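Structure first, then comments.
The values are calculated or read from the model by the stated rules, or taken from the named source; none is laboratory data. Source: prediction; values computed, not measured. With ideal geometry, Cβ positions are generated from the backbone for all residues, glycine too; neighbour counts draw on all protein chains shown.
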């Protein structure tokens with residue numbers, strides 16, 4: 001089954017798409033705001049949210065007893 005397997009293609013090849021998403025995310029975190037198309041913004045959102053979640057977890061490491 002293909003449930004929940006959607007990925008944003010953006011009309012470019014895989015290597016270009018990965019670079020595009022990485023560069024947009026980097027610009028988003030550097031500048032706090034970017035101007036882009038709606039489809040690119042939707043493509044970057046899951047990637048950016050994963051990075052934010054990872055950073056939040058790394059910020060407060062669990063205490064060992």
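Quick one: residue 23 ticks every box in (1) loosely packed, with under 13 Cβ neighbours inside 10 Å; (2) within 13 Å of the chain's Cα centre (by Cα); (3) under 22 Å from residue 5 (Cα atoms) bar one, so which box is it?
So the condition that residue 23 fails would be (3).
Residues are listed down the side, and each one gets a yes or a no for (1) over 13 Å from the mean Cα position of the chain (by Cα); (2) surrounded by 12 or more Cβ atoms within 10 Å (Cβ to Cβ):
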position: 6; (1), (2): yes, no
position: 9; (1), (2): yes, no
position: 13; (1), (2): yes, no
position: 27; (1), (2): no, yes
position: 32; (1), (2): yes, no
position: 38; (1), (2): yes, no
position: 49; (1), (2): no, no
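Restricting attention to segment 1-27, which residues are part of a helix (DSSP H, G or I) and out of contact with any helix residue (DSSP H, G or I) (no Cβ under 6 Å at 6 or more places or on another chain)?
14, 15, 16, 17, 18, 19, 20, 22, 23, 26, 27
Residue under question is residue 30, and the condition is that it be assigned to a helix (DSSP H, G or I) and at pLDDT 95 or above; does it hold?
Against the criterion (assigned to a helix (DSSP H, G or I) and at pLDDT 95 or above), residue 30 qualifies.
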